[in-house]
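Remarks on the structure that follows.
Computed from the coordinates by the stated procedures, all read-outs in this text should not be read as laboratory data. Given the structure is predicted, the values throughout are model-derived calculations rather than measurements.
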Amino acid sequence: MPFIRRAFIAVLSLAALSVFAPLHPIGDAMAQSAVAALVAKPLSLPDMALGPAKAPVTIVEYASMTCPHCAAFEQNVFPMLRSKYIDNGKLRFVFRDFPLDIKAAATSMVARCVAGEDAGKYFDAVQQLFKAQDELMEHTTETLTLIGKQQSGMSEQDVEACIKNQAQLDRLQADQNFAIETLKVDATPTFFINGERVKGAISFEELDSKIKSLLKR
């Protein structure tokens, strides 16, 4: 385990990940339709999404794996959203990483390594990682190794290689820069609901109301 810890510190140093700090405040210059087009633009990392691409409503969430409000949404709101709207094809839900710190970046990378290109497996990994958020904050590498092993049989060496993957880190950084500079994301969670930006914690009741309104159009 010390070897992984040294690799983690070396690769995900504060200097290397300084770009993950928000750069400037949110603006409202773009029309909602233009924002929706930009949100739908392909990024460096493939989107992890549940629900059909042609669903009438699309929600894109920008979240950090160390954000308590993001964890609360995942545990308390997302299951109802999935049951009522995603599973029956009315909603497409896209999860995008917006790491606020070093630990969140490492966790995002491991979630991707666990899942590969399997979106269902990715969402399962994210759920487990959010549940273990307190442990991740206190014992990051140990918790990532444990969950990596439980979710996909990853070894300590696999976790080490995952968090040392500079190409993956560069793609994560590029996508976050796009979110900051183009979409004006500066906090987590931030949601785009058919292009409408909603910043901060949101209840299921609020989401339910917005979705029903959009489905009536």
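At a glance:
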| item | result |
| --- | --- |
| For q = 0.18 Å⁻¹, Debye-computed log10 I/I(0) when each Cα of the stretch 155-217 counts as one equal scatterer | -0.79 |
| Cubic angstrom per residue, convex hull over Cα atoms of the chain | 109 Å³ |
| Calculated log₁₀ intensity ratio I(q)/I(0) where the Debye formula runs over C-alpha points of the stretch 59-110, q = 0.21 Å⁻¹ | -0.77 |
| Mean shadow area of the stretch 121-195 over all directions, Cα convex hull, nm² | 6.3 nm² |
| Cα-Cα pairs of the stretch 33-122 separated by more than 17 Å (percent) | 53 percent |
| Reachable lysines, given that their alpha-carbon falls under 26 Å from the alpha-carbon of K90 and they are not under 8 places away in the same chain | K41, K54, K121, K199, K210, K212, K216 |
